[in-house]
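These notes are about the structure you will find just below.
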Amino acid sequence: MNDDFVYQIFAHNRLLEVLFRKTVNHCAPIKKITTKIFDEDKHKNAKKQVIPGQWEKFQECIEHQCNVTKGDYVLIHSSMQGLKTLGVSPNTLIDYFLELLGSEGTLVFPTYPDLKRMEKKDGAYIYDPKRTSPWTGALPRAFISYPNAVRSKFPHNTLCAIGKEAVSMMQQDLTHGPYSQGKGSSWDYGIQHGMKILYLGVPAPTSCTVVHYAEDFLAEAWPVTDWYEEHSYWVQDKDTVIPFTTKERKQKWFDYYSMFWTGERLRKMGYLKEYDVDGVYVGIMDQIQPMSEYLITQAQKGKLLFKIPKRDMK
């Protein structure tokens, strides 16, 4: 199945995208067929060979087209499978960005905990920022092993950072409230301090966590009923274990998220810029704060990135 074909179909018809997702998620035979098709695509991608000179072209794209430079504050979503033809290791990529941003810059990766591998105690997940493995890929897994990496104690949509803003970004980890992207969160800090977001080897529409900032920012004022459910954790903080409860979007609502339509909309509005480096996808969002303010304003009017049935709107 061609990703560009899927993108073009769903980017211009959000209802079709939502109906497709609901059908796949709730019909086992169709889900099995779809999974097989995408697995075959992944298998083909895994066989791709290194392209000579592509690594240098990639760096040129980052520095001259994306305009990432010293002192920048950058969060990276990534897929090493999508970056395979560069022929470099996760550590090489991380070291490149740390050197590019310099001592005045800050590098951030999403290090979302892998619930499938987390131990449980008394019905609550045990989250240890130093040990809990992220499911977000090889780059984040390598990044948390750096000695100066600062990982958030917040156990959902967790971020990890190195650089000037790293400590300040995580300062209100467990005191800002139960929402991962709420006011005072590490996400909120990054948005308010000019953070840019790069998408490397993974299309922005499929990995755009930041567009959900409006949900947690508005919290109980979010215009959909029964949006959140509570999750219990034990958070390891040095020698102390802290009980903590989060409020996270119910999984059922993801069926209504029109991600490809959202990507197309953000691209047309100039919030998302995309480049192709000999087959390697590079995307950048460098106006996160105005984009977030726009999405919050739209949500307050009931205009969401989700195709929610009217009966579920407040």
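Tell me which residues, restricted to the range 166-199, are charged (D, E, K, R) and either outside the structural domain of Q59 (by TED's automatic domain parsing) or under 21 Å from K238 (Cα atoms) (or both). Steps first, please.
Within the range 166-199, the subset charged (D, E, K, R) is 173, 183, 188, 196.
Listed by number, the list holds a single entry, D173.
Residues checked against (1) closer than 30 Å to L174 by Cα; (2) under 20 Å from the mean Cα position of the chain (by Cα); (3) modelled with pLDDT under 95:
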| position | (1), (2), (3) |
| --- | --- |
| R249 | yes, yes, no |
| D255 | yes, yes, yes |
| L266 | no, yes, no |
| Y281 | no, yes, no |
| Q287 | yes, yes, no |
| T297 | yes, no, no |
| R311 | no, no, no |
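Would you confirm, using the coordinates I've provided, whether S180 is farther than 27 Å from C61 by Cα, of a type outside the set (D, E, K, R), crowded, with 18+ Cβ neighbours inside 10 Å and at pLDDT 95 or above?
Numbers: farther than 27 Å from C61 by Cα: yes; of a type outside the set (D, E, K, R): yes; crowded, with 18+ Cβ neighbours inside 10 Å: yes; at pLDDT 95 or above: yes.
Considered against the rule, which asks whether it is farther than 27 Å from C61 by Cα, of a type outside the set (D, E, K, R), crowded, with 18+ Cβ neighbours inside 10 Å and at pLDDT 95 or above, S180 comes out as yes.
Out of the helices (runs of 4 or more DSSP H) lying entirely within the range 11-127, which hold 2 or more residues that are more than 30 Å from P243 (Cβ to Cβ) and modelled with pLDDT under 90? Step through it out loud before you land on a result.
Working: elements: 14-26, 28-46, 54-60, 90-101.
Answer list for the range 11-127: 14-26, 28-46.
One residue is enough: does the range 147-164 have a residue meeting the conditions at pLDDT below 95, farther than 21 Å from H193 by Cβ and either in contact with a Pro (Cβ under 7 Å, 6 or more places away or on another chain) or not in a helix (DSSP H, G or I) (or both)? Lay out the reasoning, then the answer.
Of all residues in the range 147-164, those at pLDDT below 95 come to 147.
Then keep just the ones that are farther than 21 Å from H193 by Cβ; that gives 147.
From what's left, either in contact with a Pro (Cβ under 7 Å, 6 or more places away or on another chain) or not in a helix (DSSP H, G or I) (or both): 147.
There is at least one residue in the range 147-164 that is at pLDDT below 95, farther than 21 Å from H193 by Cβ and either in contact with a Pro (Cβ under 7 Å, 6 or more places away or on another chain) or not in a helix (DSSP H, G or I) (or both).
For the range 138-148, which positions are in contact (Cβ under 8 Å) with a residue 12 or more places away in the chain, surrounded by fewer than 23 Cβ atoms within 10 Å (Cβ to Cβ) and either out of contact with any Leu (no Cβ under 9 Å at 6 or more places or on another chain) or under 12 Å from S186 (Cα atoms) (or both)? Talk me through it step by step, then tell me what you get.
Kept after step one, since they are in contact (Cβ under 8 Å) with a residue 12 or more places away in the chain, are these residues of the range 138-148: 138-144, 146, 148.
If we keep only those that are surrounded by fewer than 23 Cβ atoms within 10 Å (Cβ to Cβ) as well, we get 138, 141-142, 144, 146, 148.
Listed by number, the residues that qualify are A138, R141, I144, N148.
Is there a residue being outside any strand (DSSP E or B), closer than 18 Å to K303 by Cβ and out of contact with any Pro (no Cβ under 6 Å at 6 or more places or on another chain) anywhere in the range 279-290?
Within the range 279-290, the first condition is being outside any strand (DSSP E or B), and the residues that meet it are 279, 286-290.
Going one step further and asking which of them are closer than 18 Å to K303 by Cβ, we end up with 290.
Next, only the ones that are out of contact with any Pro (no Cβ under 6 Å at 6 or more places or on another chain) stay: 290.
Checked against the condition, which is being outside any strand (DSSP E or B), closer than 18 Å to K303 by Cβ and out of contact with any Pro (no Cβ under 6 Å at 6 or more places or on another chain), the range 279-290 yields at least one hit.
Can you name the condition, by its number, that P223 falls short on among (1) within 20 Å of K183 (Cα to Cα); (2) under 20 Å from the mean Cα position of the chain (by Cα); (3) not aromatic (F, W, Y)?
Unmet condition: (2).
So in the range 171-207, with the set limited to residues that are of a type outside the set (F, W, Y) and in contact with a Gly (Cβ under 6 Å, 6 or more places away or on another chain), which one is nearest to I284 (Cα to Cα)? Break it down stepwise before answering.
The initial filter retains those residues of the range 171-207 that are of a type outside the set (F, W, Y), namely 171-178, 180-186, 188, 190-198, 200-207.
Applying the additional criterion that residues be in contact with a Gly (Cβ under 6 Å, 6 or more places away or on another chain) yields 172, 176, 201-202, 204-205.
Details: Q172: 27, H176: 28, G201: 12, V202: 11, A204: 8, P205: 11 Å.
Selected residue: A204.
Provide a single number: the residues in the range 198-232 that are in a strand (DSSP E or B) and surrounded by fewer than 19 Cβ atoms within 10 Å (Cβ to Cβ).
Applying the first criterion (in a strand (DSSP E or B)) to the range 198-232 yields 198-200, 224, 228-232.
Then keep just the ones that are surrounded by fewer than 19 Cβ atoms within 10 Å (Cβ to Cβ); that gives 229-232.
Matching residues across the range 198-232 total 4.
The values are calculated or read from the model by the stated rules, or taken from the named source; none is laboratory data. Owing to the predicted nature of the structure, the values given are computational and were not obtained by experimental measurement. Glycine gets a Cβ as well: all are built from the backbone with ideal geometry, and neighbour counts include every protein chain shown.
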